[in-house]
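The next block holds one structure in the form of structure tokens; read it before the comments.
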Amino acid sequence: MFGIKLLSFELAIHWLSVILYVVSFVFFVCGFIFQQERGFRGGTYLAWTGLLVHSLALILRWLAAGHGPYLAKYEGYSSFAWVVVLMFLLIIIKKKELTGLGMFILAPCFFLMAIGLMADQAIQQVPSTFRSIWLVIHIGFTKLALGSLLISLGCAVLYLFKKKNLTKPFYEKIPSLKLLDIYSYQFAGFGFVFWTITIAAGALWANQSWGRYWGWDPIETWSLITWLLLGFYFHMRRFFYWRGRRAAYLIILCFALSLMTIFFIPLVLNTIHVEFFL
Amino acid sequence: MLRPLSKYGTKYLFSAKAVIFSFILLLIFCLIGVLIPQKGAVGPQEWKASYTWLHTLQFTSIYSSVWFLLTALFLVILLTHTLYIQFKQLIRDPGEIEKRGRARLQNQSEPSFPVSHDQKNQIIPEAIKIARTYGYRLFRESSSSTERLLFFTRNRFGRWGSWIFHLGLLLIILGSIWGFTFRKRGFQQIIQNELFSTKEQPWLSKNLGLLARQFILDFQLKVTDFQPVYGENDKIKDLSSQVSLIDQQGKTHEHPLAIGQPISFQGITIYQSFDYGYSLGFTLFDHNTKTQTLTNFCLDAATRKELPLVGQSDLPKTDYHLHMEFHPDLLKPSRTADCPGVDLLITKNEQPVFKGTVLYSQGLNLGRHRLVFSSLDYWTGLAFVKNQGISLVKIGFFLTILGLGLLYFLPPEELYLSLSSRDSLWYFSLAGWTKRYSPFLEQRLHEITEKAQNFFMSPKAANENKLEQPKGETGLGKPKQTDETTYPGE
């Protein structure tokens, strides 16, 4: 009985955090449109508040389920959003010029959470193969990778908007094209590091569980495709000076592929990730 | 004629275009692998029937195809060459930093700001202190009567990042090639309390590398105390057992085995798989020849405890075919064999000869034969693996991640500081170099110069020495770059 009440309370807290993220998003959008620092400040405070509430929801879920929040859509999407929002808020402490990216970060996060919250909330058992440190590393770094790529995407999209509207005074307060390009590159680099750790940890976990570190499973192959495309992006930047617009479009493609790998492929193809994660 | 050709070929073989080409090749192979059903999947037989050319070109087994192997070998050559070139550059004379610094300082259009004669002795220690707060360490110093140069570095070890990363990639590919060539993997269904030996029993399935010929174990194995554990939702939560390994000297080694906790013994790693079920043993007595034969039928565990374990097979040395539905407990849905029985349908030439429920230890007559349900035990699937090249791959993963971490989190930077005398005045200049994130370096140079300038610059000092105020809104003397000028090739 207590467990059911706890889960109902946790669900309510989750929805509250979604609402806070939505309001924060509205503040960021207003801050962007009207170029008001107040909008960004309000959005940041609300995002932090939403994150605290979200953290409480995840802690309650953890206590009720007896395992970390990573099984099935309900937990997986929520923890994804939590990691991404936390990552963004920590980054803008040091890099205040990136605060305007808030709307690009919060929109997919609250959208993802909402989808997860509408899915089955039943607590899943943790299979024995999942009791491994490599799993924790694999899941954690997947979220960090996606968060980094999302920030990189935000910078790339802003770059393209600003490049197209260079003469408009509205875009003057947005960081310079040079900075947007370099931030996009930097966060793509971080995403590449985290994605590599994800693949490595997944391979070591698979080897520990099944005696094979790579089996060309659809998710494994698509994650390798994403990794190769990111490698292609860095080599094109390094050797062929693909900067600015071309780099931005390539990062958008890399991000789309990463989204497809994590969220879309498990839905259409038969992989181990389907049964337990998404 | 061959020399220019080989020089030309080498130039393009190891060029950046070749690297990009290899990326594209790998991407194409991976896309083929995900879009065309591979060997072992449901599709290939259908594809083979209608698109035989896919099979001929090895697209239905792309990851073991000659194209993929050639690409892997090409990557090995490319990576080896890259490592060689990068290593040569990395171990070059550290005097490179000084040469680069002098060149960059000379290319400055104007010095950052002038300093008075009195201040010139103070500025260097202050600049060093400021540089240290940004993580720079003094690497080298050079002095003369008219000039003092300081060279700082930050994340100097980070310059090895690319080399370490590419070395890691090379090891991963070499480990994979090793595994592909020499790996041995066998899978067998092991009945609890029965001795398993590859010398007497062939593998249920095996996967051998290109040059691996046979997979024989030098030890025998017995599984005891097999324990399937179920969760609240009736799904399997854990499988564990005690394994006895008997070596060639007859010595027994006991090891626990569970999912995710493999055993290593004599170079073989044994994994507990998710496959398990009940093994039904039927003894067939032949009244005429007075012989008896025991046959074990391994039935897969049911997905739910209400469901029976189902299987069918021919009865060896007879014309009988058995359809079995085994109930661990005939009285209630259960996974534990408390009251075991099997619903049997026996056919001969597709004609039913028996249909009924046979309890454990019961028998039935089939013409001159008597069939007895004589034994019942768990079976579990174990995978045996050798020579995967996993050690090389693990080291490769570690180095790849280390290299990338250095590349993107600790990129090397250099800072050059100059205090030079010209026209009886001293000028303080700053320049820098990095391979990555140069706009951030420019920002840092700007901040360091501003801090130094704020510390020393005063209008009184400028007047006394008849110094000109530096140009530009930042006082740095160099005009700020605008966005439009920044991107070559756009």
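The values are calculated or read from the model by the stated rules, or taken from the named source; none is laboratory data. All of these numbers come straight from a predicted model, not from anything done at the bench. Glycine gets a Cβ as well: all are built from the backbone with ideal geometry, and neighbour counts include every protein chain shown. Surface accessibility is based on the protein's heavy atoms, side chains included, excluding ligands, DNA and RNA. Shrake-Rupley method; radii C 1.70, N 1.55, O 1.52, S 1.80 Å.
Can you tell me which residue among A:W195, A:W242, A:W227 is touching a helix residue (DSSP H, G or I) at 6+ places or on another chain (Cβ under 6 Å), closer than 21 Å to A:H138 by Cβ and open to solvent by 10 Å² or more (accessible area, probe 1.4 Å)? Write out each step before concluding.
Details: A:W195 fails: open to solvent by 10 Å² or more (accessible area, probe 1.4 Å); A:W242 fails: closer than 21 Å to A:H138 by Cβ.
Sole residue among the options that is touching a helix residue (DSSP H, G or I) at 6+ places or on another chain (Cβ under 6 Å), closer than 21 Å to A:H138 by Cβ and open to solvent by 10 Å² or more (accessible area, probe 1.4 Å): A:W227.
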**Report entry** Any hit, region B:283-293, residues being touching a helix residue (DSSP H, G or I) at 6+ places or on another chain (Cβ under 7 Å) and surrounded by 18 or more Cβ atoms within 10 Å (Cβ to Cβ)
**Finding:** no
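Given the criteria within 14 Å of chain B (Cβ to nearest Cβ) and of a type in the set (V, I, T), does A:I137 qualify? Lay out the reasoning, then the answer.
Working: within 14 Å of chain B (Cβ to nearest Cβ): yes; of a type in the set (V, I, T): yes.
Yes; evaluated as a whole, the condition is true for this residue.
I'd like the full set of residues that are farther than 30 Å from B:M324 by Cα and part of a strand (DSSP E or B), limited to region B:258-296. Write out each step before concluding.
First pass over region B:258-296, keeping only residues farther than 30 Å from B:M324 by Cα: B:260-270.
Residues satisfying the conditions are B:Q261, B:I263, B:S264, B:F265, B:I268, B:T269, B:I270.
From the list A:G102, A:G43, A:G68, which one is more than 13 Å from chain B (Cβ to nearest Cβ), open to solvent by less than 60 Å² (accessible area, probe 1.4 Å), over 14 Å from the mean Cα position of the chain (by Cα) and more than 30 Å from B:Y230 (Cβ to Cβ)?
Numbers: A:G102 fails: over 14 Å from the mean Cα position of the chain (by Cα); A:G68 fails: more than 30 Å from B:Y230 (Cβ to Cβ).
Matching residue, one of A:G102, A:G43, A:G68: A:G43.
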Query raised in the report: All but one of (1) open to solvent by 10 Å² or more (accessible area, probe 1.4 Å); (2) in a loop (DSSP other than H, G, I, E, B) hold for B:R185; which doesn't?
Result: (2)
Query raised in the report: Restricted to region B:213-228, and to residues that are within 17 Å of B:H255 (Cα to Cα) and of a type in the set (V, I, T), which residue is surrounded by the fewest Cβ atoms within 10 Å (Cβ to Cβ)?
Result: B:T224
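Go through the residues of region B:411-427 one by one and say whether even a single one is in a helix (DSSP H, G or I), of a type outside the set (D, E) and within 11 Å of chain A (Cβ to nearest Cβ).
Looking through region B:411-427, none of the residues is in a helix (DSSP H, G or I), of a type outside the set (D, E) and within 11 Å of chain A (Cβ to nearest Cβ).
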Query raised in the report: With respect to B:R159, is the statement that it is within 32 Å of the chain's Cα centre (by Cα), open to solvent by 50 Å² or more (accessible area, probe 1.4 Å) and over 30 Å from A:N207 (Cα atoms) true?
Result: yes
Report task. Just give me the residues in region A:153-172 being in a helix (DSSP H, G or I) and more than 12 Å from chain B (Cβ to nearest Cβ), in sequence order. Result -> A:L153, A:G154, A:C155, A:A156, A:V157, A:L158, A:L160, A:F161, A:K164, A:P169, A:F170
Query raised in the report: In region B:377-410, how many are surrounded by 21 or more Cβ atoms within 10 Å (Cβ to Cβ) and either in a loop (DSSP other than H, G, I, E, B) or more than 21 Å from the chain's Cα centre (by Cα) (or both)?
Result: 6
Requested in this report: Output yes when any residue across region A:210-217 is assigned to a helix (DSSP H, G or I), in contact with a strand residue (DSSP E or B) (Cβ under 7 Å, 6 or more places away or on another chain) and aromatic (F, W, Y), and no when none is.
Outcome: yes
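Counting just the residues of region B:49-108 that are small (G, A, S) and more than 19 Å from B:S22 (Cα to Cα), which one comes out surrounded by the most Cβ atoms within 10 Å (Cβ to Cβ)?
Taking region B:49-108 first, the residues small (G, A, S) are B:49-50, B:61, B:64-65, B:72, B:95, B:101, B:103.
In the following step, the residues that additionally are more than 19 Å from B:S22 (Cα to Cα) were identified as B:49-50, B:61, B:95, B:101, B:103.
Working: B:A49: 9, B:S50: 7, B:S61: 15, B:G95: 9, B:G101: 25, B:A103: 12.
Among residues in region B:49-108 that are small (G, A, S) and more than 19 Å from B:S22 (Cα to Cα), the one surrounded by the most Cβ atoms within 10 Å (Cβ to Cβ) is B:G101.
From the list B:P479, B:P459, which one is more than 14 Å from every other protein chain (Cβ to nearest Cβ), open to solvent by 50 Å² or more (accessible area, probe 1.4 Å) and at pLDDT 50 or above? Spell out the reasoning first.
Working: B:P479 fails: at pLDDT 50 or above.
Step by step, each of B:P479, B:P459 is checked, and only B:P459 is more than 14 Å from every other protein chain (Cβ to nearest Cβ), open to solvent by 50 Å² or more (accessible area, probe 1.4 Å) and at pLDDT 50 or above.
Out of curiosity, is B:K317 in contact with a Ser or Thr (Cβ under 8 Å, 6 or more places away or on another chain) and outside any strand (DSSP E or B)? Show your work before the answer.
Details: in contact with a Ser or Thr (Cβ under 8 Å, 6 or more places away or on another chain): yes; outside any strand (DSSP E or B): yes.
In short, yes.
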Query raised in the report: When region A:173-228 is examined, which residues are found to be more than 7 Å from every other protein chain (Cβ to nearest Cβ), under 27 Å from A:F161 (Cα atoms) and not hydroxyl-bearing (S, T, Y)?
Result: A:K173, A:I174, A:P175, A:L180, A:D181, A:F187, A:A188, A:G191, A:W227
Query raised in the report: Scanning for something within 13 Å of chain B (Cβ to nearest Cβ), touching a helix residue (DSSP H, G or I) at 6+ places or on another chain (Cβ under 6 Å), open to solvent by less than 30 Å² (accessible area, probe 1.4 Å) and more than 28 Å from A:Y249 (Cα to Cα), does region A:140-149 turn up at least one residue?
Result: no
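With respect to A:G202, is the statement that it is open to solvent by less than 20 Å² (accessible area, probe 1.4 Å), touching a Leu at 6+ places or on another chain (Cβ under 7 Å) and assigned to a helix (DSSP H, G or I) true? Step through it out loud before you land on a result.
Values: open to solvent by less than 20 Å² (accessible area, probe 1.4 Å): yes; touching a Leu at 6+ places or on another chain (Cβ under 7 Å): no; assigned to a helix (DSSP H, G or I): yes.
It is false that A:G202 is open to solvent by less than 20 Å² (accessible area, probe 1.4 Å), touching a Leu at 6+ places or on another chain (Cβ under 7 Å) and assigned to a helix (DSSP H, G or I).
Condition check: within 19 Å of B:Y378 (Cα to Cα), open to solvent by less than 60 Å² (accessible area, probe 1.4 Å), small (G, A, S) and away from chain A (no Cβ under 14 Å). Does B:S240 satisfy that? Full working, then the answer.
Values: within 19 Å of B:Y378 (Cα to Cα): yes; open to solvent by less than 60 Å² (accessible area, probe 1.4 Å): yes; small (G, A, S): yes; away from chain A (no Cβ under 14 Å): no.
No: the conditions fail for B:S240.
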Query raised in the report: How many residues does region A:165-183 contain that are farther than 13 Å from A:A247 by Cα, free of Cβ contacts under 8 Å to residues at least 60 places away in the same chain and not β-branched (V, I, T)?
Result: 7
